[in-house]
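Report on the following structure.
The values are calculated or read from the model by the stated rules, or taken from the named source; none is laboratory data. Note that the structure is predicted; figures quoted are calculated from it, not measured. Here the Cβ positions follow ideal geometry from the backbone for every residue, glycine too, while neighbour counts run over all protein chains shown. Ligands, DNA and RNA are excluded from the accessible area calculation, which covers all protein heavy atoms including side chains. Shrake-Rupley method; radii C 1.70, N 1.55, O 1.52, S 1.80 Å.
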Amino acid sequence: MAKLILSMDGLVLKEIPLGKERTTIGRKPSNDIQIDNLAVSGEHAVIVTIMNDSFLEDLGSTNGTIVNGNPVKKHFLQNNDVIELGKYKLKFLAEPGVQPATAADFEKTMVLRPSAMKAVAEQARAAAPGGGQQAAEQARAAAVQQAASAASAAGTVAKDSKAPAAAPSPAAAPAAKAPAGAAPASAAPAAASSGGAAAPAPAQPAAAPKPAQPLGAIQILSGSNAGKALELVKPLTTLGKPGVQVAVLTRRPQGYFITHVEGAKQPSVNGESIGTAPHALKDHDVIELAGVKMEFFVKG
Amino acid sequence: MNLTDALEISSCTDPGIVRSHNEDSVAADASTGLVVLADGMGGYNAGEVASGMATTVIKAEVAQILGNVEPHLVDEKTNKVFAELILREQIRKANASIYQAAQSQSQYAGMGTTLVVCLFYDNRVMVGHLGDSRLYRLRGKTLKQITRDHSLLQEQIDAGLLTPEQAKTAAHKNLVTRALGIDPGIEPELHEYSTQPDDIYLLCSDGLCDMVSDEDIALTLKALGRHLNLATQQLVQMANDNGGRDNVSVILVRILREYPAARGVVGKFFAWLK
């Protein structure tokens, strides 16, 4: 079970297991975690725990809730997150052995069934009557949370049949590709018989940053445009005369490649025809295309 | 009517860099003017079973029906073109088959698939889709996304909760709100568009549009649009170069010439002569 460590000025005060679905934090005695300090609002924040995932939500507190130094309204708690409430700190520790869900877990396509959405929306409406916009927003958030936790639950279900049935590696969390609404019922029997390791988790964040790579350029050596240079900034650049001879230069993480596109004759590099397959370019290679010579070089 | 010389089609499907198997399926038939792309989901191999069923069922059934029915004619009862009725019916049929398999066989429980399908006829295209597989069109220099994802993200954008900019980095990109094989009844979205010679249609799974920006897709189609095989390879390669975190599938269709349906006795006679 995940837990929180309450501390002040580096002194550990309490260890609180997150056993309930809702764990409230605030100054009033009615809270699950009572912090008797004026900087803490009566009802300050709540942690919603679904399966192995915990979500922190600020309940409109006066002084706000800070996680790892950033103010948050809603936050998906990750192992070792530090929640700050005034002078108090709450450290979130995920359940040992359970891999916390990461962005990669949610990458596989899943179905969010309208029926599931409706059920959650109704719950939210019942919980917050007349809440209008806020209720709808909560319903959405709850639906996402539910789907997300179904996803991590299904992580143990929707496994990769080709992966060896070995001990689960630390990366064995994802491979959740079960339709969210359909997961729980069908999950148990499938999980029992599968027992394989899941596909490895990609470590990158959702938006893959393009790796920095040296910029290439070509300089025309012959013909009427001799002397002109062209930086190869785009992922692909076409060169040549349409109808006569065209080649494309592609910019890839491994470097630049030239590929024949059209024309009876293929372009040549350093005097040799490149054929029809992509040809890797090296610094100072001389390309001949449609009767024009040009030099490829790597800019520093 | 045989569209083989009116449409140039190229397709490619690739597991990507990260995943060990491919749950996408593609099918194309230039003679009937049908292209289908599906991105499956579900444990074990169920994802590819679902997407494979969707593409094969739709391709085979549509080809058979088109032998007897002309898609451009209007049904008197519903006042809709047969193309729409045929696609709707066959998508429903594929849904029923997948749903039934998922219900009756435990190893397929919970499987489903997204779908995007195009039927070209009479200088038009009927587009059907479910989920987040997309259709784009390059006309002249403009790339346009034709389908609108059935996804939580798109709903959030529509509701004004997210801007398209925020959506690019949002979590939960993967939650689709409609799919084939999940419920006994489904509502495919079907629209008709007119086509023009030199249009290029791109059907793709989210493995492409999540990894490659629309600008780079447009650049590739503009540069290599006259060489569809090179363009499909280039698109898949770019998705993989950018991380290839999902299966990548691409179908490209280029309109080579006008293909009006043969009308009346004389028209049919000339069509028969061709």
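Here is how the numbers come out for the structure above:
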read-out	value
Failed condition for A:Ala192, given (1) more than 10 Å from every other protein chain (Cβ to nearest Cβ); (2) on the phi < 0 side of the Ramachandran plot; (3) open to solvent by 50 Å² or more (accessible area, probe 1.4 Å); (4) at pLDDT 85 or above	(4)
Residue in the stretch B:227-240 that is part of a helix (DSSP H, G or I), of a type in the set (Ser, Thr, Tyr), surrounded by 14 or more Cβ atoms within 10 Å (Cβ to Cβ) and without any contact (Cβ under 8 Å) to a residue 24 or more places away in the chain present	no
Unmet requirement for B:Val18, which otherwise passes all of (1) modelled with pLDDT under 95; (2) buried (at least 23 other Cβ atoms within 10 Å of the Cβ)	(2)
Candidates B:Thr163, B:Thr177 - the one that is free of Cβ contacts under 8 Å to residues at least 24 places away in the same chain, on the phi < 0 side of the Ramachandran plot and among the polar types (S, T, N, Q)	B:Thr163
Filter pass, A:Ala264 being away from every other protein chain (no Cβ under 14 Å) and either under 42 Å from the mean Cα position of the chain (by Cα) or of a type in the set (A, V, I, L, M) (or both)	yes
Single unsatisfied condition, B:Thr4 versus (1) surrounded by 17 or more Cβ atoms within 10 Å (Cβ to Cβ); (2) of a type in the set (Ser, Thr, Tyr); (3) not in a helix (DSSP H, G or I)	(1)
Options B:Ala83, B:Ala63; residue that is open to solvent by 20 Å² or more (accessible area, probe 1.4 Å), touching an Asp or Glu at 6+ places or on another chain (Cβ under 9 Å) and under 28 Å from B:Asp5 (Cβ atoms)	B:Ala63
Of all residues in the stretch A:84-101 being part of a loop (DSSP other than H, G, I, E, B) and open to solvent by 80 Å² or more (accessible area, probe 1.4 Å), the one that is modelled with the lowest pLDDT	A:Gln99
Selection count, the stretch B:138-148, where residues are open to solvent by less than 70 Å² (accessible area, probe 1.4 Å) and in contact with a strand residue (DSSP E or B) (Cβ under 7 Å, 6 or more places away or on another chain)	5
Members of the stretch B:22-45 found to be touching a helix residue (DSSP H, G or I) at 6+ places or on another chain (Cβ under 7 Å) and facing another protein chain (nearest Cβ under 8 Å), listed by number	B:Glu23, B:Asp39, B:Met41, B:Gly42, B:Gly43, B:Tyr44
Qualifying residue in the stretch B:200-209 (condition: of a type in the set (S, T, N, Q) and within 15 Å of B:Asp132 (Cα to Cα))	yes
Qualifying positions in the stretch A:204-236 - touching a helix residue (DSSP H, G or I) at 6+ places or on another chain (Cβ under 8 Å) and either more than 9 Å from every other protein chain (Cβ to nearest Cβ) or at pLDDT 50 or above (or both)	A:Lys234, A:Pro235, A:Leu236
Residues (under 20 Å from B:Ser10 (Cα atoms), of a type in the set (Val, Ile, Thr) and outside any loop (DSSP other than H, G, I, E, B)) located in the stretch B:29-56	B:Val35, B:Val36, B:Thr55, B:Thr56
Checklist (1) in contact with a Cys (Cβ under 9 Å, 6 or more places away or on another chain); (2) open to solvent by 30 Å² or more (accessible area, probe 1.4 Å) applied to B:Val49, failing item	(1)
Residue ID - most open to solvent (accessible area, probe 1.4 Å), chosen from residues in the stretch A:33-71 that are assigned to a strand (DSSP E or B) and out of contact with any strand residue (DSSP E or B) (no Cβ under 8 Å at 6 or more places or on another chain)	A:Asn70
Leading residue by the ranking (farthest from A:Leu85 (Cα to Cα)) among those in the stretch A:4-53 that are touching a residue at least 40 places away in the same chain (Cβ under 8 Å) and polar (S, T, N, Q)	A:Asn52
Any pair with Cβ under 7 angstrom, 6 or more apart, that starts in the stretch A:230-247 at a residue that is charged (D, E, K, R) and in a strand (DSSP E or B) and ends at one that is surrounded by 15 or more Cβ atoms within 10 Å (Cβ to Cβ) and at pLDDT 90 or above	A:Glu231/A:Ala217
Residue list for the stretch B:160-195, restricted to those being open to solvent by 70 Å² or more (accessible area, probe 1.4 Å) and within 23 Å of B:Leu235 (Cα to Cα)	B:Pro164, B:Glu165, B:Lys168, B:Thr169
Among the residues listed as B:Asp206, B:Asp216, the single one being facing another protein chain (nearest Cβ under 7 Å), buried (at least 21 other Cβ atoms within 10 Å of the Cβ) and closer than 30 Å to B:Ala6 by Cβ	B:Asp206
